[in-house]
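For reference, the structure is listed below as structure tokens.
The values are calculated or read from the model by the stated rules, or taken from the named source; none is laboratory data. Quick caveat, the model's predicted, so the values are computed rather than measured. Heads up, the Cβs are rebuilt from the backbone with ideal geometry, glycines too, and the neighbour counts pull from every protein chain shown.
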Amino acid sequence: MKKIILIIIVLDCHFLFSQVEIDKKRDNIWCFGYAYSPPLFGRSIVDFSNDTAVVSYLNNPNIIRLDATNASISDTTGNLLFYTNGIKVINKTHELMENGDSLTYGHYSFEHWYPNYGYNTIQGAMILPVPESKDLYYVFYSGWDIAPSLPEQIICPSVLYATVDMSKNGGLGKVIRKDQVLINDTIGIPNVAACRHANGRDWWLLFKGFRKHRFHRVLLTPDGFIMESSLDFGGNRMDMWSQTVFSPDGKLFIQGGLEAGTMQSPFHLHLYDFDRCTGILSNYRHIQDNEPYLYTGCAVSPNSRYLYYSSQSNKVYQLDLQAIDVIGSRQLVAVMDTAYVDSVAQIYGTAGFSTMQLGPDDKIYVNAASRSLHIIDSPDSAGLACNIIRQGLALPAINQLWCIPNFPYFRLGAEVGTICDSLTVGISAPFGSAQGAVYPNPADETVMVSFPTPERAVFILMDLQGREILRQAIEEQKTAIAVGNLPTGAYFYKIEINNRNEYGKLWIVR
């Protein structure tokens, strides 16, 4: 029996490894900018297929403009499939995809930025492949509206998604559904961010509530979306005008930037531990840097140790996320002290430092309102050894101030060694849906174990070292289990039922 189990686990881990291999080239093609005057009506294309950035120029006077909202996706071999500015979906021939027009129709963003601009929200869109599907993709985005009670405040009344089927039109694709509501709640600036589930296949998406310290959790699976309970830290928290990132190892969720509605204020950094198995945020830390900032961006090094962020459009700082005093570890690693001479770019200021994105080559690329990108060449190195190359990648067309594609970290695999690192039924799946449910999670004094029909089972609670803490027989459709005497923290549970085991993770908080 042990040999059979080992074979199952090895086969399943091979599948997960293959899944990462399949997805690792999804962010190979980046599309940038829009030039305002002849002869540069066109786009810069950056191709990372050969593990180095190769730039080309697309001359097309009818092409859409990409502002802050910019997302693209490549196929499994690294060839461009399509991209979006949040209002239009453009195929790999750089033409409008069938039914790819008028996303967010009727919203302020559509009326204000239509027909060609796209809406102007940092990380305002993201594209993910549907797990285990060869042809289906989801485009996540959100329309803007004016808050009725706050006429000067632009809000995002919901999170929307479109479905793209790449089997249509000979591989050019078709938007088969659009403006589908994913979250029907007002959220802050969208900052669409995703992290691969610990099983190596599914995806977590987190969205912050509008002016609340609350996050909506969505799990994308082969069968669609699972809407998990929201995470409420209590009280209010202002929305941020900057980037939101997961660390490449998936253990940290970071929001950094200015308070929404201001263009210059102290820099706020919000850090959370993230559990890829459950999508739970914990260990919240708030760091404030009182130097005034402007147009901030942030990114995390491939080794997940160093956070980089920009300030006042002309400085880049590095923070050591493993330091006891994170803000005390701050180092100034770059200053942009020369103006970019392009007369068009001067409309937007100098070629300073703005939004950032970790590239497929493990370098961090930093946006600027110019015909270039800065490069953090060795982001895993401390201090000046990170080697920021100013205007290191020349672009043939003008890039917008915040315009850099928004990607998740596709090269993150399963969290090996945990109960969630496998897709094998009975080993990996957190107990829920058709099998039953364990709730609330997090729990306080009591946790409920329920089944669709009465079942005979045993509920076992273990600490993180696997030691049994509690055991209780379950003989009814719904059973209450007292946990009020247990310390707060994370636990594993196992349910022995009908000759199989179901596993999950339970938080006790007070």
(request) Considering every residue within the range 464-474, establish whether at least one is outside the structural domain of D232 (by TED's automatic domain parsing), over 25 Å from L231 (Cβ atoms) and polar (S, T, N, Q). (result) yes
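In the range 219-239, is there at least one residue being of a type in the set (D, E, K, R), surrounded by fewer than 16 Cβ atoms within 10 Å (Cβ to Cβ) and modelled with pLDDT under 90? Steps first, please.
If we filter the range 219-239 for residues that are of a type in the set (D, E, K, R), which is where we start, we get 223, 228, 232, 237, 239.
Pick out the ones that are also surrounded by fewer than 16 Cβ atoms within 10 Å (Cβ to Cβ) and you get 223, 232.
From the residues that got through so far, the ones that are modelled with pLDDT under 90 too are 223, 232.
Among the residues of the range 219-239, at least one is of a type in the set (D, E, K, R), surrounded by fewer than 16 Cβ atoms within 10 Å (Cβ to Cβ) and modelled with pLDDT under 90, which makes the answer yes.
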(message) Checking R214 against (1) without any contact (Cβ under 8 Å) to a residue 24 or more places away in the chain; (2) buried (at least 24 other Cβ atoms within 10 Å of the Cβ), only one condition comes out false. Which one?
(response) (2)
(message) Taking the condition of being among the aliphatic types (A, V, I, L, M), assigned to a strand (DSSP E or B) and crowded, with 24+ Cβ neighbours inside 10 Å, how many residues in the range 74-92 meet it?
(response) 1
(request) Would you mind listing the strands (runs of 3 or more DSSP E) fully within the range 363-411 where at least 2 residues are acidic (D, E), surrounded by fewer than 24 Cβ atoms within 10 Å (Cβ to Cβ) and in contact with a Pro (Cβ under 8 Å, 6 or more places away or on another chain)? (result) none
(request) State yes or no: is R471 basic (K, R), at pLDDT 90 or above and surrounded by 12 or more Cβ atoms within 10 Å (Cβ to Cβ)? (result) yes
